[in-house]
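These notes concern the structure reproduced below.
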Amino acid sequence: MSNYSIGVDVGGSHLSCAAVDMEKQVFLENSFSSIAVDNKASADEILSGWASVLLHTIRKINSGTLAGIGFGMPGPFEYDKGIAHFEHNEKYYNLNGVNVASVLLKKLNFASPVPLRFMNDASAFAVGEALKGSASHVANSVSITLGTGFGSAFISKGIPVVDGDLVPPLGCVWHLPYKDGIADDYFSTRWFLKRYKEETGLEVDGVKTIAEAAVSNEIATSLFFEYGNNMGDFFSPWLKKFDAGVLVIGGNIAGAYNLFGPAFEMALRMNGVNTEIKLSALKEDAAIIGSARMLDPDYWEKIRPILGKM
């Protein structure tokens, strides 16, 4: 009997995975594995590294109990076919055009067929939070990840909503026009680095450095206020339209919520939004749990038709 599925979180510089008990939705003890990845390496080097960490987790599972492997994968990606399209990406560009599913299956060398399934990484995070995390108590939720990119997903009764009048095109917001660019320009790490240099003339290596400066630096403090206020104004219409019970916030920038959260929540209230705001309860584990859920037969039948639209 297939008792376990493996969930995989594919990050820009790492891959993490664990075996998930499909009934209890908890990790199998000692099955978590992670590896640092050079995203500019050759396709073979990248996928060989992924295979090695997957095999470490697979060995923790008794033979015959593995239902399959689910991946939370950044885009652009053909999630229904397992093919990468990273031609214009700075990360993983050597995987462009590669059938990741086919190559990995060869490297894993299973004795019998094992399904590999793929979902957008932000959607996997949101599914995990809706199933076992900060959004498990509501029907409609929105989850966002704030970091090198601006990930988002709209969830209704555990299923990502990727089209229709209640959500943006593709069921995410990173590509939507905002001010002089798109949302991803304003709510990812590079906005902080750009604005901090504009205001101070200094180049820093990450948002954490700016957050540490905010203890005594009014410029750094004002940037977090600007960030939170902008995000509240941007997100308010979509939270109202989708009737989201909870907005879950994850990603590295979420660690500075004490600095931008008050301005964000104030902007939401001024726009008449009463959505509950919660930080991610599961963090990286959310994408692992969410992607592993694709191996549940009933859930797979519900989500399979929408993967090609992600």
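The table for this structure:
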| item | result |
| --- | --- |
| Inter-residue pairs, beta-carbon under 8 Å, first at positive phi and in region 273-285, second at pLDDT 95 or above and surrounded by 16 or more Cβ atoms within 10 Å (Cβ to Cβ), 6+ apart | LYS283/GLY250 |
| VAL8 being surrounded by 14 or more Cβ atoms within 10 Å (Cβ to Cβ) and touching a Cys at 6+ places or on another chain (Cβ under 9 Å) | yes |
| So GLY255, is it of a type outside the set (Val, Ile, Thr), over 14 Å from ILE144 (Cα atoms) and touching a Lys or Arg at 6+ places or on another chain (Cβ under 9 Å) | no |
| Filter result for ALA244 (part of a helix (DSSP H, G or I), touching a residue at least 40 places away in the same chain (Cβ under 8 Å), closer than 21 Å to SER280 by Cα and assigned by TED's automatic domain parsing to the domain that holds LEU146) | no |
| Boolean, ALA101 is buried (at least 24 other Cβ atoms within 10 Å of the Cβ) and modelled with pLDDT of 95 or more | no |
| Residues (in the same structural domain as GLY232 (by TED's automatic domain parsing) and under 11 Å from the mean Cα position of the chain (by Cα)) located in region 128-147 | SER143, ILE144, THR145, LEU146, GLY147 |
| Residues of region 185-208 satisfying the condition of being buried (at least 16 other Cβ atoms within 10 Å of the Cβ), free of Cβ contacts under 8 Å to residues at least 60 places away in the same chain, in a helix (DSSP H, G or I) and of a type in the set (Val, Ile, Thr) | VAL207 |
| Qualifying residue in region 175-186 (condition: of a type in the set (A, V, I, L, M), farther than 24 Å from ALA263 by Cα and in contact with a Phe, Trp or Tyr (Cβ under 8 Å, 6 or more places away or on another chain)) | no |
| Residues located in region 67-90, provided they are within 18 Å of the chain's Cα centre (by Cα), of a type in the set (Gly, Ala, Ser) and part of a strand (DSSP E or B) | GLY70, GLY72, ALA84 |
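The values are calculated or read from the model by the stated rules, or taken from the named source; none is laboratory data. Keep in mind that this is a model prediction, so the values were computed, not measured. Positions of Cβ are backbone-derived with ideal geometry, glycine not excepted, and every protein chain shown enters the neighbour counts.
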